[in-house]
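Here the structure is laid out as structure tokens; the discussion comes afterwards.
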């Protein structure tokens, strides 16, 4: 049997014209905002300008009387329309995961589509206006008069945990949502007490604003005669939207159809159930006509989830040679004011990989989720894993400095040895396959590591204004979400399977239905490559259907780099079932026993008689005509499979970069960026590279440019594309990419996933490079984003520190003395080298 | 609200329509003429998704009122080329995998066409600088740069009457 895993075939492993492109490059593709229905009304949401306040009155009179206005509703007006609040599918109780200790109930606040009495973040919806045009709705929204009694605001997650802090949800009496502990192996306490070398650092993960270039949009068309509704939404998860709209709005699922037409990027921000989806549905239900809501960009900065938002305390225990003895991570998650779909679970996605690709006999992870008066955080490209990778990779560089080793050498010393079968890792999971030293070796070679080190020494020697830094990051991406049993153990409400149907049509065309929901990831192309090779048909004869719950009723959609390793594998298994069924028909028609049929060159042929054969196209027609079928053979030639993975997949990689830092201005230039990834078997290398490029760019943006900044009143200061710095082409380098392939042992195709890899790997690579460049100046810490101001200030602070301590001997702190949390922030050490 | 009558040529076709003075050109194109290939990605004229050509110049159509375009000739992505008769830049974007979700793509292609037509240099740095007004969140711009170079080769080759060297050679 041929197999994708066997490598290059006719289509798999090569480039093909992308099926998605013709409509997109000619402007014919339809995104949700592009849809217009007769009689359609426009909805606008009125939002709170204050981050915490009691609504004392809402006067809708002037708005209701404005031109074109059909309805104005407040949170109280719609209170009776909800069967349930907006969902949190991953409530985390206060729990000890590997120890049988008592757990506390998760603290999940009720989150209604519109606030009823108290607003808890600036941007929370308080009313909606529905009018004949969007312009009229926007004008009228200005006339809704809401009075607030302002309440104290808490924006810092650590301050929110302090005694006497302002409480975001009074009913809880605390801002703590949960504390979750995960330990593996030896007890970390004694290990850290006795370790010769201990590294303790504190890292901030600023909030990031996802900024998919298409903003969210929702259109709902009621079919009043049937009490049915069609919902178009710019979402990554049409199947979840259908389920949760049924639950929130009390409408049977069978009466709801959800379509996500073309979706203009998501990056996790559209992996959610949003208030506006429920509000648009209820507006269309109440009014009996189509209603559309389209987000504005400045609105998106408040109404769509933010990413990251964590404080990390990262500790490594090691021998004097730098061999890891223990990893201890403690994370404070800023959940924001409410929990969106997955908010509490995001750090848990990183909880198992704070050791990266290194071995460590003692492992501990603890996370506390906190409520603040800020917009909710949730999944943003990488979701938990970039934070984990940043912590271990930053700390490994610090450890390398402490034990006096080259950072590459230190990493090699601690890496897991190459393996092809499931192998236990320090965080308690079984990794699927990997050859980590090969990744690092290849990346160092492509970067020209040794040559750059020489250049670096020369620049240091001559005191060049532009110092050279080399950044190393390796990563493990736990993806392929997810084995349903594991999700169950982690208190996630849903499963992690995926489904696919492959149908042979009488014309010989192949119709593929997938439960994945691409929004830029090229599934239509990639899935067709797999199908064409497995069925021996032309790529152009394969049609892939997705993103409509009417044609694709079962599926769990696209996020967490799951699509190829779960959805692609489901497709592969459906194809094997289809082939097995078709083989019976071929044997019948060729009048031989089934055992005498073999699959060769894309056809079923009689063993030893290649001239006697049948192709899938011929069998499709004869199955449909049903004139001559084997007994009991039903005339539908299709295969269906649902795949619930037995394990995650674990893509890995080494991302190295060379940067130049202008020590006078603080400007940072990324000179070369090398990404070597192992995503398992590659179906379409061009698509894979595209994912790496985009992921790396988003990670560099995180390291160098982007940060959501709030004032002390909880007001977003970087509230538009003007002052939140999304990099343009001129602000990013080009990338060098390469691969090491170790087929995954988790699935038959040997695939792992690639969607988030670049975003996971690149932030520590960039920051490590900056610190590598500035090490001789005494800079050992810098927060993200490392913009010119931060770099310049770090250089100045280190210079001041050097001047101040010039009379004190010995700059670097002793190896093993533990420090208190917080010590690592903006740590400036004396001359370390 | 009082309206004004404007006359514009869009993709070679003449239109006369009543518009409100406050109507932005981008919404006139999208909602009055139904040319939804031109997208809106922000409200601060930052993203460039709405880039069109006005009298041959690339312009963010969210920065122009429809009444200001009275008498102008406008080209949108729909007028650049169609499936089967693609403009070289459209073809290059597809061949170089310079689009993923495709939302910024119409604006990016229009900006790239304008760059080439105005004789901009086609070094990597020049292209990156030239496309500064257009944001893409999917591709990291790497393949966009390659596509613009390939598209420019073909456009300039065609302009000189020679065969297009980029076609087919850049898989």
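Bear in mind these aren't lab numbers, they're just calculated from the coordinates by the rules spelled out. Source: prediction; values computed, not measured. FYI the Cβ positions are ideal-geometry reconstructions off the backbone, even for glycines, and counts take in every protein chain you see.
What is the Cα centroid distance between the range A:41-56 and the range A:421-492, reported in whole angstrom?
About 45 Å separates the Cα centre of the range A:41-56 from the one of the range A:421-492.
Relative contact order (percent) for the range A:381-493, with alpha-carbon contacts under 8 angstrom and 6 or more residues of separation?
It rounds to 21 percent for the range A:381-493.
Say R0 is 56 Å: what FRET efficiency, to the nearest 0.05, do residue A:409 and residue B:85 get from their beta-carbon distance?
The value I calculate is 0.45.
Take every Cα pair under 8 Å in chain B that's 6+ residues apart, average their separations, divide by the length, and report that relative contact order as a whole percent. Mind showing how you got there, number by number?
Values: 306 pairs, mean separation 37.4, N = 171.
Once normalised by length, the contact order is 22 percent.
Using a basic spin-label model with each label point 7 Å from the Cα along Cα→Cβ, how many nm lie between residue A:170 and residue A:57?
Using points 7 Å along Cα→Cβ, the separation is 2.1 nm.
Sort largest first and round to whole Å: the equivalent ellipsoid semi-axes of the range B:4-78, each the square root of five times a Cα gyration tensor eigenvalue.
Taking √(5λ) for each eigenvalue gives 17, 14, 11 Å, largest first.
In Å and whole numbers, how far do the C-alpha atoms of the range A:369-510 stretch along each principal axis, longest first?
Between the extreme Cα coordinates on each principal axis of the range A:369-510 lie 72, 52, 32 Å.
Going by average Cβ neighbours within 10 Å, how do the peptides A:122-129, B:133-140, A:545-552 rank, with the highest at the top?
B:133-140, A:122-129, A:545-552
Over all residues in B:102-111, what is the mean tally of Cβ atoms on other chains that come within 10 Å of each residue's Cβ?
On the way: counts 17, 14, 4, 8, 5, 1, 2, 4, 1, 0.
That average works out to 6.
Decide, for the protein assembly as shown, between rounded, prolate and oblate: order the square roots of the alpha carbon gyration tensor eigenvalues as a ≥ b ≥ c, take rounded if a/c falls under 1.5, and otherwise choose prolate if a/b is larger than b/c, else oblate.
rounded
How many angstrom lie between the C-alpha centres of the range A:550-604 and the range A:338-360?
35
So how tilted is helix B:105-117 from the main axis of chain B? Cα-based, degrees 0 to 90, rounded to 10.
Result, in degrees: 70.
Is there a simple number for the mean count of other chain Cβ atoms within 10 Å of the Cβ of residues in B:127-138, and what is it?
Counting other chains' Cβ atoms within 10 Å and averaging over B:127-138 gives 6.
Once each part is reduced to its C-alpha centroid, what is the distance from the range A:637-680 to the range A:252-313 in angstrom?
First find each Cα centre; the distance between them is then 28 Å.
Defining a contact as two alpha carbons under 8 Å apart and six or more residues distant in sequence, what relative contact order in percent does chain A show?
Over chain A, the number comes to 15 percent.
For residue A:797 and residue A:580, what does the FRET efficiency come to when R0 = 45 Å and r is the distance between their Cβ atoms, rounded to the nearest 0.05?
0.10
R0 = 22 Å: FRET efficiency of residue A:598 with residue A:621, Cβ-based, nearest 0.05?
Using R0 = 22 Å, I get an efficiency of 0.50.
Taking every eigenvalue of the Cα gyration tensor of the range A:128-170, multiplying by 5 and rooting it, what semi-axes result, largest first, whole Å?
That gives 37, 12, 8 Å for the three semi-axes.
Stokes-Einstein diffusion coefficient for the range A:151-234 at 10 °C in a medium of 1.306 mPa s, Rh from the Kirkwood formula over Cα pairs: what value in µm²/s?
The Stokes-Einstein estimate is 82 µm²/s.
Kirkwood hydrodynamic radius, computed over distinct alpha-carbon pairs, for the range A:603-711: how many Å, to one decimal?
20.5
Based on the Cα gyration tensor of the range B:88-159, what are the three equivalent ellipsoid semi-axes, each the root of five times an eigenvalue, rounded to whole Å and given largest first?
17, 13, 10
Counting other C-beta atoms within 10 Å, which of A:621, A:178 has the fewest, and how do the rest follow? Display every interim value, and only then the final one.
Working: A:621 15, A:178 25.
The most exposed by this proxy come first: A:621, A:178.
Distances over 28 Å make up what percent of all Cα-Cα pairs in the range A:497-643?
Above the 28 Å cut-off, the range A:497-643 has 20 percent of its Cα pairs.
Considering just Cα atoms, how many Å³ per residue does the convex hull of chain B enclose?
Cα convex hull per residue, to the nearest whole number: 114 Å³.
Could you work out the helix-only [θ] at 222 nm for chain A, with each DSSP H run of four or more residues adding -39,500 (n - 2.57) and the total divided by the number of residues, to the nearest 500 deg cm²/dmol?
Details: 19 runs with 220 residues, N = 833.
Estimated from H runs of four or more residues: -8000 deg cm²/dmol.
Report the extension gain between residue A:489 and residue A:223 in nm, rounded to one decimal, defined as 0.36 nm multiplied by the number of residues separating them, less their alpha carbon distance.
91.7 nm
Take each of the peptides A:528-534, A:668-674, average the number of other beta-carbon atoms within 10 Å over its residues, and list them starting from the highest.
Per-residue Cβ counts within 10 Å, averaged per peptide and sorted highest first, yield A:528-534, A:668-674.
What order, most packed first, do the peptides A:493-506, A:703-716 have when packing is the mean number of other Cβ atoms within 10 Å of each residue? Mind showing how you got there, number by number?
Numbers: A:493-506: 21.1, A:703-716: 19.4.
Descending packing order for the listed peptides: A:493-506, A:703-716.
Taking Cα atoms of the range A:77-222, Rg/Rh with Kirkwood Rh, to two decimals?
Taking Rh as the inverse mean 1/r over Cα pairs, Rg/Rh reads 1.07.
Let me know the shape class of the range A:693-817, please: from the alpha-carbon gyration tensor, a ≥ b ≥ c as square roots of the eigenvalues, rounded when a/c is under 1.5, otherwise prolate if a/b is greater than b/c, or oblate.
Verdict is oblate for the range A:693-817.
Average partner chain C-beta neighbours within 10 Å, per residue of A:129-142? Walk me through the numbers on the way to the answer.
On the way: counts 0, 0, 0, 0, 2, 2, 5, 1, 0, 0, 1, 0, 0, 0.
Mean inter-chain Cβ contacts per residue within 10 Å come to 1.
Give the span of the range A:332-417's Cα atoms along each principal axis, as three whole-Å numbers ordered largest to smallest.
Extents along the principal axes: 44, 23, 23 Å.
Of all the C-alpha pairs in the range A:741-796, what % are more than 15 Å from each other?
I get 59 percent for the Cα pairs in the range A:741-796 exceeding 15 Å.
For a test of the definition: using alpha carbon positions, the gyration tensor, and the 1.5 limit on a/c, classify the range A:7-137 as rounded, prolate or oblate. List each step's numbers first, then the result.
Values: a/c = 3.32, a/b = 1.13, b/c = 2.94.
Oblate, since a/c reaches 1.5 and b/c is not below a/b.
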